[in-house]
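Some notes on the structure that comes next.
The values are calculated or read from the model by the stated rules, or taken from the named source; none is laboratory data. Here the structure is a predicted model, which means the values were calculated and not measured. FYI the Cβ positions are ideal-geometry reconstructions off the backbone, even for glycines, and counts take in every protein chain you see. What goes into the accessible areas is simple: the full protein's heavy atoms, side chains included, and nothing from ligands, DNA or RNA. Shrake-Rupley method; radii C 1.70, N 1.55, O 1.52, S 1.80 Å.
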Amino acid sequence: MKLHSRLIDAATHAGLLLFALFLVFPLIWMIGTSFKPTTEIYSGVVSVIPEAPSLDHYRTIFQEQSIFTSMLNSFYVGIASTVIAILIALPGSYALARYSTRWNKIILGWVLGSQIFPVILVMIPLYILLRSMMLTDSLLGLTLVYVVWALPFVLWMLQGYVHSIPVEIEEAASIDGASRMQVIFRIVAPLLLPAVGASVLFAFVSAWNEFFFALVLMKDPGLMTVQVELARFTGMEGQARTGPLAAASVLATVPSVILFGFLQKWFSSGLLAGAVKN
Amino acid sequence: MNEHARAARSRSQLVLLLPALIPVFLLSVVPLLRGVYLGFTDYTLGDPIGFNGIANYIRMAEDVFFWKSFQVGFVWTLIVTVGQVLLGLCLALLLSRKVRFNSWYSAIMLVPWAMPPIIRGIVWRQVYDPDAGILNGVLISAGIIDQQINWLSSFEYVIPAVIVAGIWGEIPKAAVFLLAGLQSIPKDLYEAVRVDGADRWREFRHITLPMLSPVLAAVVSLSFMWNFNTFGIVWVLTQGGPGGLTRLPMLAAYEEAFRYGYVGYAAAIGNVMVLVISVVLFGYLRVQLKESRV
């Protein structure tokens, strides 16, 4: 019996290792490539670890500016849209959790139902609308789009957590003479900090990773986000480009992976359990 | 609670919700409805909008490119969805055994999900690169092929190549959802059948699978929708090429609208996508519900 369960454990490890290898090797390969001099990339030798590691490609990116600028643009849009989305969603999520009316069903219906529609249907009229307001080729315009993009999910995530805060705490505060907004921002919001943290990460990562809206809305090279800039980079063939592209992609992956690491905790715990049960 | 108090509650809820509802309504709900409407017009960017009924759909029926695009869209969606759910289930089952280093494994498996779709595409471009890619490198040094294969521009290999990259990127999402589902199955169910001497396969067949079926149905449905709407990763890998072989419906719609300016026609493609997804999902969920009731 002991031997039997050991065998199963060994098989489990083997299976998990295979999965880990498959899921991670493309990224490892790219990281390796980003540190190889161009001659080594094209030498035909298959090796993940560079023979003569160099930072040339990273230097190239910072000299070329365009990738660097696009990263700044992405940070700007990501941070601005996250802050706005959270500030707007906080009172809304409170209202959803504390008074349950038909709006709860309508909003949940929208969160789920809107998944069916391909973004192209939203994109076309949105493009026309933003163009008429001079908000294409504008970081402000893109920020607004990302706010709206993240809002329904953030709203739904937050209301689940407000639900878990006992009402008695608020009642005590309003007896002491606090107004509704004071209750929300002074009492509820601090208790919500972990959930707000999760929503911040979610909103920022989805803005940082987004491609389609940015591709359509941003045409000015100085205003592109990092994803659009990278996609443009892949269009330019040529051996000299492979290394810098790898380096730029590694840099652009770092924020997503780090933030996602934090986010994962919430995903695998309460958040998902709640989502599945509902 | 009386009628009056209920109306007051609804009103004060609405006040708090308005800052969120107004932007979503203006920049999401209204454009969506307008987008559906544009699918019944002859609109091209800059020109006045003219209602033209079902003319777009008649044109579509005769449009070879449309049919090709939906064909590859189906192949892509079906294989990627099935692949990601099966492999994701395997991974979730392995992780649910909680062997040593479990948290390391579960952190590693999330890597593709954490990567932006564009970079998922770039990573695989570098794997498939004819001169510098690891795939050709390994196959040539192992003597399996003697000439470089240009995976992403070969008519033979491009679809499998793109699908492998697609499945790779979607496994983690499926695994995370399914793992949560597995963990919510009460442990005492297993203990009960173990007393009866059931083997592992029976356990899986008679407890795990039925208990998991609601989560499984949700994962399959969502994956199907997301995969049918894929854009970024394939855009970076092939831009729809070679010869339109990997031009998924979203790529077709994007090109019609923003490369050729046939906005009305692009919206019509979007409408057909909604229709296709709804029909498939409806059919699938009906079968699922029937099964779970038996």
field: Mean separation of Cα contacts under 8 Å (6+ apart) over length of region A:1-105, as relative contact order %
entry: 15 percent
field: Cross-link table A:36/A:219; B:187/B:290; A:2/B:187; A:105/B:173; B:98/B:173, entries beyond 29 Å C-alpha to C-alpha
entry: A:36/A:219
Amide H contacts of residue B:41 (H built 1.01 Å from N, under 5 Å, at least 5 apart or other chain): B:52
field: For region B:47-119, the Rg and Dmax computed from alpha carbons only, in angstrom
entry: 21.5, 65
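Buried accessible area for the B:A pair, summed, 1.4 Å probe, in Å² rounded to 100?
On the way: alone 17910 and 16600 Å², together 26710 Å².
What B and A bury together is about 7800 Å².
Hydropathy first: keep DSSP H helices in chain B averaging at least -0.5 on Kyte-Doolittle, then drop any whose Cα extent along the axis falls short of 15 Å, and list what survives. Write down the numbers at each step before the final one.
Working: long enough: B:3-24 (30 Å, 0.48); B:64-96 (47 Å, 1.78); B:117-128 (17 Å, 0.43); B:158-183 (38 Å, 1.61); B:209-228 (27 Å, 1.54); B:263-293 (45 Å, 1.13).
What comes out of the filter, once short or polar helices are dropped, is B:3-24, B:64-96, B:117-128, B:158-183, B:209-228, B:263-293.
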message: Beyond 15 Å, how much of the Cα-Cα pair distribution for region A:2-41 remains, as a whole percent?
response: 59 percent
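What fraction, in whole percent, of alpha-carbon pairs in the protein assembly as shown exceed 36 Å separation? Write out the running numbers ahead of the final one.
Working: 65967 of 163306 pairs.
The calculated P(r) of the protein assembly as shown puts 40 percent of pairs beyond 36 Å.
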Vicinal HN-Hα couplings computed from phi for region A:22-30 (Karplus, 6.51 cos²θ - 1.76 cosθ + 1.60; Hz; Gly/Pro x): 4, 6, 9, 4, x, 5, 4, 4, 5
- request: Please give the average number of partner chain Cβ atoms lying within 10 Å of the Cβ of each residue in B:34-44, rounded to a whole number.
  value: 3
field: Rounded to whole Å, sorted largest first: equivalent-ellipsoid semi-axes of region B:20-158, Cα gyration tensor
entry: 41, 27, 16
message: Give the average, rounded to an integer, of partner chain Cβ atoms located within 10 angstrom of each Cβ in A:26-36.
response: 5
- line: A 1.4 Å probe over the protein heavy atoms gives chain B a carbon and sulfur accessible-area percentage of 66 percent
statement: Check: C-alpha center region A:52-70 vs C-alpha center region B:70-136, spacing in Å is 28 Å
query: Expressed in nm to one decimal, what extension gain is obtained for the pair residue B:282 and residue B:5 from 0.36 nm per residue of sequence separation less their Cα-Cα distance?
result: 95.8 nm
task: Please work out how much accessible surface residue A:51 shows to a 1.4 Å probe, ignoring ligands, DNA and RNA, in Å² rounded to 10.
output: 140 Å²
message: When only alpha-carbon atoms are used, what values of Rg and Dmax, in angstrom, describe chain B?
response: 24.0, 82
statement: A correct Karplus calculation of ³J(HN,Hα) over region B:43-57, with 6.51 cos²θ - 1.76 cosθ + 1.60, θ = phi - 60°, whole Hz and x for Gly and Pro, returns 4, 10, 3, x, 8, x, 8, x, 5, 10, x, 9, 4, 4, 6
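Using only C-alpha atoms and all pairs of different ones, pull out the Kirkwood radius for region A:107-266 in Å with one decimal.
Values: mean 1/r = 0.0535 Å⁻¹.
So the Kirkwood estimate lands at 18.7 Å.
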task: In whole Hz, with x marking every Gly and Pro, tabulate ³J(HN,Hα) for region A:76-86 from phi via Karplus 6.51 cos²θ - 1.76 cosθ + 1.60, θ = phi - 60°.
output: 4, 5, x, 5, 4, 5, 5, 4, 4, 4, 5
statement: Nearest 10, in degrees from 0 to 90: the angle of helix A:139-163 to the longest Cα principal axis of chain A is 60 degrees
